[in-house]
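**Student:** The structure that follows is given in the form of structure tokens.
No lab work stands behind these numbers, since they all come straight from the coordinates. Please read all numbers here as calculations on a predicted model, not as lab measurements. Virtual Cβ from ideal backbone geometry, glycine too; neighbours counted across all protein chains shown.
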Amino acid sequence: MIVLGIETSCDETAVALVDDKKNIIGNRVYSQIKKHQAFGGVVPEVAARDHLHILPQLTHSLLQKEQINPTELSAVASTIGPGLYGSLLVGTNFAQSLALGAKLPFVGINHLEAHVLTPRLTNNAQCPFLALLVSGGNTAFVIVKNPVTYQVIGTTIDDAIGEAYDKTARLLGYPYPGGKHIEKLAQTGNPKTHIFRPPLLQAPNCDFSFSGLKTAVHHAVTQVKTSNHSQDLTQQQKCDIATSFQASVLKVLRAKTERAIQRFIQNFGKFTQLVVCGGVAANMPIRNLLCELAARYEGEMLAPPLEYCGDNAAMVAWAAIEKLRYKTPLRTTLEGVKPNLRIGTQM
Ligand code: KG4
């Protein structure tokens, strides 16, 4: 079984061919980041237009390179939500038209479910497992009971973790997406220069909140600029703020992950695997922390290779294979997309 996956939910145009033996036959990701950087974030209209321009050529070149005719596919899948409305429409209309023309089933995929299922493609995750999804738009603990049944046990009540990294980076003068810049700056800062209280640390649940942390960083930046009598920060001052920010994130992640593991143990008697996915899973201190916590509870931490942590279409094709194997009802009609789709929602 070979499935063509298409991902256009935000600012990556991606196409991939994956088979049911876990072979990623071909994988293409075109990032629009340069088009959005001038605006400090993703502009929905620009994103949709760029998908429209790039998607047909990207798909054509992938199929041609792998010498696969659409009629040889088992299905065409695309992300139908959550994401930007216009961007989702471009990918889904394209995928549905291709499926219709080649007389193939179309499989609509939940972007978040595709992220949490990725370690079953790349790392042999076995259900049930606990997943931590950390990206630019989402932060959630999800129990994956089987490839089509999910339970969300914690989420963010405001900003996503990646958003907090991006906004902190912007305050320190770095372009979008800023996560990797903060990680680098945080390698050489002094965590004691600023104390940012870890948000929702004491709340007896697995939920997160990051908007207060962003405001605390904003106040710190203003304070340092005032004492510098300048609009600029020194490199060391940037490193100190980034380090304190990341220390606060790590502290809250530690507390919430331990709580989520304990809840998993209460439900299933035993903990074996903690899966981390989404763009922020590229962050090494976060990976190391999760590895340490998983080992403490006698389990392992699994993270996809870096190229499959962020948005990609191999995860979309794989999620479709999981759905097809489970014989879940497929959306075959030309219905609309679902920008606010939640994880675990019947489609
Ligand atoms: O999953 P993803 O590629 O797409 C969206 O959710 O849009 O995640 C992108 C997010 C951005 O917020 C980016 O700053 C963050 O992942 N990110 C990182 C790192 N690399 C990417 N955050 C922290 N540390 C990193 N090394």
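**Student:** Below 12 angstrom from the Cβ of Ile6, what's the summed charge of the other residues (Lys, Arg +1; Asp, Glu -1)?
**Tutor:** Residues near Ile6 contribute -2 overall.
**Student:** Quick check: the angle from helix 161-171's long axis to the longest principal axis of the chain, C-alpha only, nearest 10 degrees?
**Tutor:** Helix 161-171 and the main axis of the chain meet at about 50 degrees.
**Student:** Turning to a different aspect of this structure: For the Cα atoms of the chain, what angle does the longest principal axis make with the long axis of helix 211-228, in degrees from 0 to 90, nearest 10?
**Tutor:** 40
**Student:** What does the charge count near Pro175 come to, summing +1 for each Lys or Arg and -1 for each Asp or Glu among other residues with Cβ under 12 Å from its Cβ? The partial results should precede the final answer.
**Tutor:** Numbers: positive: Lys34, Arg170, Lys180; negative: Asp166.
Once all neighbours under 12 Å are counted, the net charge is +2.
**Student:** So, one more: Compute the length gained on full extension between Tyr85 and His60: take 0.36 nm times their separation in residues and subtract their Cα-Cα distance, giving the result in nm to one decimal.
**Tutor:** On the way: separation 25, 0.36 × 25 = 9.00 nm, distance 2.39 nm.
Length gained between Tyr85 and His60: 6.6 nm.
**Student:** Then there's this: Could you tell me what percent of the DSSP beta bridges with both partners in the chain are antiparallel, to the nearest 5?
**Tutor:** Numbers: 25 of 42 bridges.
Among the beta bridges of the chain, antiparallel pairing accounts for roughly 60 percent.
**Student:** Can you list residues whose amide H is under 5 Å from Gln273's amide H, if they're 5+ apart or on another chain and H is modeled 1.01 Å from N?
**Tutor:** Leu130, Glu300
**Student:** Something else: Limiting things to C-alpha atoms, what are the Rg and the maximum Cα-Cα separation (Dmax) for the chain, in angstroms?
**Tutor:** Reported Rg and Dmax, both Å: 20.6, 67.
**Student:** Counting helices only, and only those DSSP H runs with n ≥ 4, report the 222 nm mean residue ellipticity of the chain as the sum of -39,500 (n - 2.57) divided by its residues, in deg cm²/dmol to the nearest 500. Walk me through the numbers before you get to the answer.
**Tutor:** Working: 10 runs with 152 residues, N = 347.
-14500 deg cm²/dmol, from helical runs alone.
**Student:** Still on this structure: Expressed as an acute angle from 0 to 90° and rounded to the nearest 10, what is the orientation of the C-alpha long axis of helix 111-122 relative to the principal long axis of the chain?
**Tutor:** 80
**Student:** Taking loop as defined by DSSP and a crowding limit of 11 other beta carbons within 10 Å, which trypsin sites (Lys or Arg not before Pro) in the stretch 1-52 fit?
**Tutor:** Numbers: sites: Lys21, Lys22, Arg28, Lys34, Lys35, Arg49; in loops: Lys21, Lys22.
For trypsin sites (Lys or Arg not before Pro) across the stretch 1-52 that sit outside H, G, I, E and B with at most 11 neighbouring Cβ atoms in 10 Å, the list reads Lys21.
**Student:** Here's another thing I want to ask about it. Given Ala140, Leu100, Asn190, which one lies farthest toward the positive end of the charge dipole of the stretch 96-198, if we put +1 on the Cβ of every Lys and Arg and -1 on the Cβ of every Asp and Glu?
**Tutor:** The residue sitting most towards the positive pole is Asn190.
**Student:** Taking a spot 7 Å from the Cα of Gln187 along the direction of its beta carbon, which residues of the stretch 270-292 have an amide N less than 16 Å from it?
**Tutor:** What the label zone holds, given the 16 Å backbone N cut-off, is 282-288.
**Student:** Then there is this: Which lysines, if any, have their Cα less than 17 Å from the Cα of Lys167, not counting same-chain residues under 8 positions apart?
**Tutor:** Reachable lysines: Lys180, Lys184, Lys214, Lys238.
**Student:** Next question, about the same structure. Please list, by residue number, every one of the trypsin sites (Lys or Arg not before Pro) in the stretch 240-347 that is coil in DSSP and has at most 11 other beta-carbon atoms within 10 Å.
**Tutor:** Details: sites: Lys251, Arg254, Lys256, Arg259, Arg263, Lys270, Arg287, Arg296, Lys323, Arg325, Lys327, Arg331, Arg342; in loops: Lys270, Lys327, Arg331, Arg342.
Loop-located and lightly packed - Lys270, Lys327.
**Student:** A further question follows. Putting +1 on Lys and Arg Cβ atoms and -1 on Asp and Glu Cβ atoms, find which of Leu253, Leu302, Leu290 reaches farthest to the positive end of the dipole of the stretch 242-320.
**Tutor:** Working it through, the farthest residue towards the positive pole turns out to be Leu253.
**Student:** So what J values fall out for the stretch 191-205 if you push phi through Karplus, 6.51 cos²θ - 1.76 cosθ + 1.60 with θ = phi - 60°, rounded to Hz, Gly and Pro as x?
**Tutor:** With the stated coefficients, the stretch 191-205 comes to x, 8, 5, 10, 10, 9, 5, x, x, 6, 4, 7, 4, x, 8 Hz.
**Student:** Need the list of lysines near Lys21 for cross-linking: C-alpha distance under 19 angstrom, and skip anything on the same chain fewer than eight residues off.
**Tutor:** Lys323, Lys327
**Student:** May I ask for the distance between the Cα centers of the stretch 165-182 and the stretch 1-36, given as a whole number of Å?
**Tutor:** Value for the Cα centre distance between the two parts: 26 Å.
**Student:** Can you tell me which aspartates and glutamates have their Cα less than 16 Å from the Cα of Lys270? Leave out same-chain residues fewer than eight positions away.
**Tutor:** Lys270 reaches Glu258, Glu298, Glu300.
**Student:** Separate question: First measure r as the distance between the Cβ atoms of Gln236 and Ser31, then evaluate 1/(1 + (r/R0)^6) with R0 = 30 Å and state the FRET efficiency to the nearest 0.05. Intermediate results must be reported in sequence, preceding the final value.
**Tutor:** Details: r = 31 Å, r/R0 = 1.04.
Here the calculated transfer efficiency is 0.45.
**Student:** Quick one: net charge of Val90's neighbours, Cβ under 13 Å, K/R +1, D/E -1?
**Tutor:** Taking every Cβ under 13 Å from that of Val90, the sum is -4.
**Student:** Suppose each label sits 7 Å from its Cα in the direction of the beta carbon; what would the Gln151-Asn267 distance come out to in nanometres?
**Tutor:** 0.4
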